[in-house]
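These notes concern the structure reproduced below.
The values are calculated or read from the model by the stated rules, or taken from the named source; none is laboratory data. For clarity, every value in this text was computed on a predicted model and none was experimentally measured. Please note: Cβ atoms are built from the backbone with ideal geometry, for glycine as well, and neighbour counts cover all protein chains shown. Please note that ligands, DNA and RNA were not included when accessible areas were found on the heavy atoms of the full protein model with its side chains. Shrake-Rupley method; radii C 1.70, N 1.55, O 1.52, S 1.80 Å.
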Amino acid sequence: MLLFRVLLYAIMKKKIALCLSILLLPVLIVAQNNGIIRGRVVEAETNMPLPFATVLIQGTGKAAATDTAGRYELKNLEAGLYNIDVRMIGYKPKTVFEIQVTNTRPAQIDVVLQPEGVAIDSVVITASPFNKTAESPVSLRTIGVAEIERAPGGNRDISKVIQSLPGVASSVSFRNDIIIRGGAPNENRFYLDGIEVPNINHFATQGSSGGPVGMINVNFLREVDVITSAFPANRGNAMSSVFDFKMKEGNADKLLTTATVGASDLGLTFDGPLGKNSNFIFSARRSYLQFLFAAIGLPFLPTYNDAQFKYTYRFKNNDELKVIGLGAIDDFSLNLDANETEYQKYLLDNLPVNTQWNYTVGSSYKHLMKNGNIQFFLSRNHLKNNAIKYYKNDDSDPANLIQDYSSQEIENKFRYEQVYRNNFFKIVFGAGVEDVTYTNATYNKIVTSYGPLVVDFDSELRFLKMGAFVQASKTVASDRLTLALGLRTDWNTYSTVMMRAQDQLSPRFSLAYDITEHLSFNMSTGRYYQLPAYTVMGFRNTAGTLVNKANRVRYVQCDHITGGFEYNSTKNSKFTVEGFYKWYDYYPFQLNDSISLANLGADFGIIGNEAVTSTSKGRAYGIEFLAQQKLMKGFYGILSLTLVRSEFKTKADVYAPSAWDNGYIVSMTGGKKFKKNWEFGMRWRLQGGSPYTPDDIATSSLQNVWNITGRGIPNYDLLNSERTSLFHQLDARVDKKWFLKKVSLNLYLDIQNVYNYQPTLNPILLAERDANGNLVTDPNNPAAYKTYQIENKSGNVLPTVGLILEF
């Protein structure tokens, strides 16, 4: 991504700074201290207002009490970041970190308090300021919006920001594949205000996940819960993580606008009231990567657009209706003029022309009751993915066609959830149903261990997915011990194998025990199931048979056990150590090459569009350490260390590293806020090399093979026997904010890979060309081309200038 050098050049020439100075001269008025924090304090589940709760700003004498409607307001604040403590007798205290106060809009912070019993033991238990639930007392991390916005190297993209957390590996390439505790990217699930979104990145790999750029606009977010084990029973179909994105609401007073210039796109966000009881927030973004890539001569031109909205209506009885939407249009074309170097030609020979669009729209209705609530969720998501590739990119002759792929995934979902709480326990139960449509038209010339092969079929599936769950939790032993027990099952009408709900019974149990005021022991165990990708379920042979249905493919099973200790200090910091072990069973096993799909990486394209059986077994295990300091006296930081192994069995029935086995991961992130609204942050990451399978050079060089693949094909007899070099990278970011009377401005410089480290990846196999660009035949083998390998290094200094303007 050399485009960032163009931006750096502009900075060095001071053109950007000069333009900004001219634009801002009319509004450079000394701002007054008119910042506001306001909101409501309500009880969990019932959403009933809590009067006379105390809201205190940390480090100041400023405090406010809630009125009979649970409302509070803290006025006359200087612009900046604040932490607030919310307390009320009979409820667990809660801290809200890093609230950004400006002069342009009030900071709307609604706080939910959980009830607690009265301790009769001599040990007084103080609730942690860090988020922890009865269902997920372990492996739960909460990321605030301020942490996302300022993360060095993150570019306001949650998929990059979470790489600072323990257990999260990063991809050495520029993709956003989320690799958690040795699990594949498709083992993660994402929810926006309780509505499931299949993917959160542009240019997703169908059948997997990931992509180079995130879709979710951080301007919508309030905070994000990342759960890497101990999944609540109402969150199914996940084996590595569940992301709960909690979105903020639109401004209740007036229409406000936020304009952003980011690393790769331009965006506008609008939010405001739509009446006395309703509000909205809407954004649209457009990339400019394609223009910069063309200007600097890259052989591919990615273009993406996305839009997002949220509408909230609150009824007089405090019931609420939410409607959300998220959509994207992605185009990936080739720049055929960028063909001077061997590497450019290699990319042009291999990358398909790809068009992809997707959307999710949904609504939720929450009805409040005296002892809980009922929620209804209704949503629809739709993905359309097209890819086409011709030999030498010459579409004048139909015989040159290598790949022509078109697929759609459509899901219509309904879910019901009810929460009931009394003085003894809390219970959550519900059920859901999904109507699934999947279509696939594939023509693809491939090479397997058996030789060249043409895959040509059309497929259409229509089936129902069902699920039901119940989970109960209770606090005992003078509020020192919290227990949670849950049960879930999922089934569908795809096949008789998957219709047996009893085969997918998914029990889970967790506990949290407060040893002292600051130290607790937490653990969880559970069995989780995940449906294979639709690309697997919909694969047909030339006779039209659903091959994998005939192969009795079934849900993938993963058993978790996780436990560890957590220490919370009185200074907004915590320390945790956790051990984990995951056992995989019934994982898809590819028949053409006799390998587990877990031993394949993810890239642009399709994963799982082939014959498999549910016979692969695997395991992932390790230990994590986290030290985190939330903002205090201007400092913040995270140190995480993970030792992890991820292994799956080969065709010889022995364990081999999976594609997601990095061995160790270290991340250190820290920052300091200075006077006059300057801020500096740095992040350093280190992780072990990723496994890869070396190329079968002799087979790859054969003309009938190379004319199809245009690259080396793996020698699966040496499955994942090699590793890339270790990876480490330093990112840095500087922010300067101006809080004016009617405008807030944030100008930042973000530099990824400050010292330009370039790790060595698996070598690239190229075919030699003559002066006219034609492939050269191997003189020792007329049936083969003359091939050679080149070193493959990745990484550049990637500076970004960003601008966020609120008015």
- Query: Identify, please: which residue in the stretch 51-80 is touching a residue at least 24 places away in the same chain (Cβ under 8 Å), in a loop (DSSP other than H, G, I, E, B) and touching a Ser or Thr at 6+ places or on another chain (Cβ under 6 Å) and is, among those, most open to solvent (accessible area, probe 1.4 Å)?
  - Reply: 79
- Message: Just the residues that are open to solvent by 30 Å² or more (accessible area, probe 1.4 Å) and either at pLDDT below 90 or not aromatic (Phe, Trp, Tyr) (or both), please, taken from the stretch 355-369.
- Response: 355, 361, 363, 366, 367, 369
- Query: Do you know which of the residues in the stretch 281-328 that are over 26 Å from the mean Cα position of the chain (by Cα) and basic (Lys, Arg) is most open to solvent (accessible area, probe 1.4 Å)?
  - Reply: 316
- Query: Does residue 118 meet the test of being modelled with pLDDT under 80, assigned to a loop (DSSP other than H, G, I, E, B) and open to solvent by 60 Å² or more (accessible area, probe 1.4 Å)?
  - Reply: yes
- Within the stretch 121-143, restricting attention to residues that are within 22 Å of residue 485 (Cα to Cα) and charged (D, E, K, R), which residue is modelled with the lowest pLDDT? 132
- When residues of the stretch 606-638 are filtered for being within 27 Å of residue 722 (Cβ to Cβ), at pLDDT below 90 and surrounded by fewer than 19 Cβ atoms within 10 Å (Cβ to Cβ), how many remain? 0
- Looking at the stretch 446-487, which of its residues are among the aromatic types (Phe, Trp, Tyr) and open to solvent by less than 30 Å² (accessible area, probe 1.4 Å)? 457, 463, 469
- Given the conditions (1) in a helix (DSSP H, G or I); (2) within 30 Å of residue 106 (Cβ to Cβ), and given that residue 748 satisfies all but one, which numbered condition is not satisfied? (1)
- Message: Regarding the stretch 188-207, can at least one residue be identified that is over 18 Å from residue 307 (Cα atoms), open to solvent by 10 Å² or more (accessible area, probe 1.4 Å), at pLDDT 90 or above and assigned to a strand (DSSP E or B)?
- Response: yes
- Message: Taking the criterion of being open to solvent by 30 Å² or more (accessible area, probe 1.4 Å), of a type in the set (A, V, I, L, M, F, W, C) and outside any strand (DSSP E or B), would at least one residue in the stretch 712-722 satisfy it?
- Response: yes
- Message: Here is a check on your reading of the model: is residue 146 buried (at least 24 other Cβ atoms within 10 Å of the Cβ), over 22 Å from residue 359 (Cβ atoms), of a type outside the set (Ser, Thr, Tyr) and modelled with pLDDT under 90?
- Response: no
- Go through the stretch 493-509 and give me each residue that's of a type in the set (S, T, N, Q) and either surrounded by fewer than 20 Cβ atoms within 10 Å (Cβ to Cβ) or not in a strand (DSSP E or B) (or both). 493, 495, 496, 502, 504
- Query: Any idea which of (1) under 26 Å from the mean Cα position of the chain (by Cα); (2) part of a strand (DSSP E or B); (3) modelled with pLDDT under 95 is the one residue 512 doesn't satisfy?
  - Reply: (1)
- Item | Any hit, the stretch 559-576, residues being closer than 22 Å to residue 657 by Cβ, among the aliphatic types (A, V, I, L, M) and buried (at least 22 other Cβ atoms within 10 Å of the Cβ) | no
- Note on the structure: Only one of (1) without any contact (Cβ under 8 Å) to a residue 60 or more places away in the chain; (2) surrounded by 14 or more Cβ atoms within 10 Å (Cβ to Cβ); (3) touching a Phe, Trp or Tyr at 6+ places or on another chain (Cβ under 7 Å) does not apply to residue 776, and that is (2)
- Task: Give the residues of the stretch 330-342 that are surrounded by fewer than 16 Cβ atoms within 10 Å (Cβ to Cβ) and hydrophobic (A, V, I, L, M, F, W, C), sorted by residue number.
- Result: 336
- Residues of the stretch 723-755 being of a type outside the set (D, E, K, R), open to solvent by 50 Å² or more (accessible area, probe 1.4 Å) and in contact with a helix residue (DSSP H, G or I) (Cβ under 9 Å, 6 or more places away or on another chain), which ones? 738, 749
- Query: Can you name the condition, by its number, that residue 346 falls short on among (1) farther than 23 Å from residue 270 by Cα; (2) over 29 Å from the mean Cα position of the chain (by Cα); (3) surrounded by fewer than 18 Cβ atoms within 10 Å (Cβ to Cβ)?
  - Reply: (3)
- Message: Suppose we filter the stretch 533-550 for residues that are open to solvent by 10 Å² or more (accessible area, probe 1.4 Å) and within 28 Å of residue 619 (Cβ to Cβ); how many remain?
- Response: 5
